[in-house]
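Trainee: Structure in structure tokens, see below.
Computed from the coordinates by the stated procedures, all read-outs in this text should not be read as laboratory data. Predicted model, so just to flag it, every value in this text is computed and none were measured. Cβ sites come from the backbone with ideal geometry, for glycine too, and all protein chains shown count toward neighbours.
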Amino acid sequence: MDIIHEMITEKQITDKISEMAAQINKDYEGKEIHLICVLKGGVFFCCELAKRITVPVTIDFMAVSSYGSGTGSSGRLTVKKDLDELIEGRHCIIVEDIIDTGLTLSLAKKMLLARNPASLNICTLLDKPARRVTKIEALYTGFTIPDKFVAGYGLDYAQKYRNLPYIGEVEFIED
Ligand code: 5GP
């Protein structure tokens, strides 16, 4: 069994999501928002965020991963599940669990921008800027965290711990 050290409590997370949603409601007043939830890690965050958004909202899902050169944004994007709907002319917000190197999101953003959305912003629950290899910034960031491997609230370690209501640092225990 691994040990999970609580880093961000459930209350801190939900308070922060309420703040982020309030800002989004202000910024998108009079518009409709199309949320693009990045599977699987972004699901818990996306649901809680969507519940607090008061302007009209639609939600779609995509599953992507990247493998890269290690430097710059010259990696490759694998689309495991594409969006069901077209995004042309829509105000889109990508909802992600964590930005680490930034490679996945910078490639996903490039792919989505080619589909001509009216606007495309990024909303991430966590940001780990220490390991960034590309220049990518989220318009909405929940928590900036140090370079630790975290799990919970949608984030996994070997597909486990997504259901934890808090976010914790994983201490890996060798067998
Ligand atoms: P990036 O392309 O920004 O390096 O990678 C982003 C993806 O890496 C995230 O969507 C997430 O799946 C994974 N990731 C990066 N850091 C962590 C972490 O600390 N914990 C977990 N569970 N996944 C992480």
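Trainee: Nearest 20 debye, what's the magnitude of the dipole of the chain about its Cα centre given +1 on Lys and Arg Cβ and -1 on Asp and Glu Cβ?
Mentor: Working: 21 positive and 25 negative charges, 113 e Å.
Here the size comes out at about 540 debye.
Trainee: Counting other C-beta atoms within 10 Å, and keeping those with at most 12, which DSSP coil GluC sites (Glu not before Pro) do you find in the stretch 1-44?
Mentor: Passing sites in the stretch 1-44 are GLU29, GLU32.
Trainee: How much of the DSSP bridge set in the chain is antiparallel, in percent, rounded to the nearest 5?
Mentor: For the chain, the DSSP antiparallel bridge percentage is about 40.
Trainee: For a quick check: with amide H placed at 1.01 Å from N, whose amide H comes under 5 Å from PHE61's, ignoring anything fewer than 5 positions away on the same chain?
Mentor: CYS37, ASP84
Trainee: Any chance you could run the full-extension gain for GLU88 through ASP147? It's 0.36 nm times the residue separation minus the Cα-Cα distance, nm to one decimal.
Mentor: Once the chain is fully extended between GLU88 and ASP147, it gains 17.6 nm.
Trainee: Which ³J(HN,Hα) values, rounded to whole Hz and listed in residue order, are derived for the stretch 44-58 from phi using the Karplus coefficients 6.51, -1.76 and 1.60 in 6.51 cos²θ - 1.76 cosθ + 1.60 with θ = phi - 60°, glycine and proline given as x?
Mentor: With the stated coefficients, the stretch 44-58 comes to 4, 4, 4, 4, 5, 5, 4, 5, 9, 8, 9, 7, x, 10, 10 Hz.
Trainee: Further question on the same structure: Taking 0.36 nm per residue of sequence separation and subtracting the Cα-Cα distance, how much length would be gained by fully extending the chain between THR14 and TYR157, in nm to one decimal?
Mentor: The span from THR14 to TYR157 would gain 49.3 nm if fully extended.
Trainee: Please compute one quarter of the surface area of the Cα convex hull for the stretch 13-112 and express it in square nanometres.
Mentor: Projected area, direction-averaged: 6.6 nm².
Trainee: Looking only at trypsin sites (Lys or Arg not before Pro) in DSSP loops with at most 13 other Cβ atoms within 10 Å, what is the longest site-free stretch of the chain?
Mentor: By the stated rule (loop sites, at most 13 other Cβ atoms within 10 Å), 32-134.
Trainee: Per DSSP H run of n ≥ 4, the term is -39500 (n - 2.57); total these for the chain, divide by its residue number, and report the mean residue ellipticity at 222 nm rounded to 500 deg cm²/dmol.
Mentor: -7000 deg cm²/dmol
Trainee: Based on alpha-carbon positions alone, could you give the equivalent ellipsoid semi-axes of the stretch 1-51 from the gyration tensor, as √(5λ), descending, whole Å?
Mentor: Working: eigenvalues 139, 43, 7 Å².
Its equivalent ellipsoid spans semi-axes of 26, 15, 6 Å.
Trainee: While we're on this one: Label points 7 Å out from Cα along the Cβ direction at CYS47 and ALA130: separation in nm?
Mentor: About 3.1 nm separates the two model spin labels.
Trainee: Could you go through the stretch 25-34 in sequence order and give the Karplus-derived ³J(HN,Hα) for each residue, using 6.51 cos²θ - 1.76 cosθ + 1.60 with θ = phi - 60°, rounded to whole Hz, and x for Gly and Pro?
Mentor: Each residue's phi maps through the Karplus curve to give 4, 5, 5, 10, 3, x, 10, 10, 10, 10 Hz.
Trainee: Quick one: how many lysine pairs in the stretch 54-135 have C-alpha atoms under 22 angstrom apart, if they're 8 or more apart or on different chains? Present the calculation step by step, with values, prior to reporting the outcome.
Mentor: On the way: LYS80/LYS109; LYS80/LYS110; LYS81/LYS109; LYS81/LYS110; LYS109/LYS128; LYS109/LYS135; LYS110/LYS128; LYS110/LYS135.
Close lysine pairs under the 22 Å cut-off: 8.
Trainee: What aspartates and glutamates sit close enough to LYS160 to cross-link, taking a C-alpha to C-alpha distance under 12 Å and skipping anything fewer than 8 places away on the same chain?
Mentor: Excluding near neighbours in sequence, the set is ASP2.
Trainee: Which chymotrypsin sites (Phe, Trp or Tyr not before Pro) in the stretch 131-175 sit in a loop by DSSP (not H, G, I, E or B) and have at most 10 other Cβ atoms within 10 Å of their own Cβ?
Mentor: PHE172
Trainee: Continuing with the same structure: I'd like the projected area of the chain, averaged over all directions, using the convex hull of its alpha carbons. Report it in nm² with one decimal. Write down the numbers at each step before the final one.
Mentor: Values: hull surface 40.2 nm².
Orientation-averaged projected area of the Cα hull: 10.1 nm².
Trainee: Sorted from fewest to most neighbouring beta carbons within 10 Å, what does the list VAL150, VAL64 look like?
Mentor: VAL64, VAL150
Trainee: Here is a follow-up. In degrees between 0 and 90, to the nearest 10, how far off the longest principal axis of the chain does helix 103-113 point, with axes built from Cα atoms?
Mentor: The helix 103-113 is inclined about 10 degrees to the chain.
Trainee: Mind checking the stretch 84-175 for GluC sites (Glu not before Pro) that DSSP puts in a loop (not H, G, I, E or B) and that have at most 14 other Cβ atoms within 10 Å?
Mentor: Taking the stretch 84-175 and a limit of 14 other Cβ atoms within 10 Å, the loop GluC sites (Glu not before Pro) found are GLU85, GLU88, GLU137, GLU174.
Trainee: Between beta-carbons, use under 14 Å as the cut-off and find the net charge around LYS110, counting Lys and Arg +1, Asp and Glu -1.
Mentor: Result for the local shell: +4.
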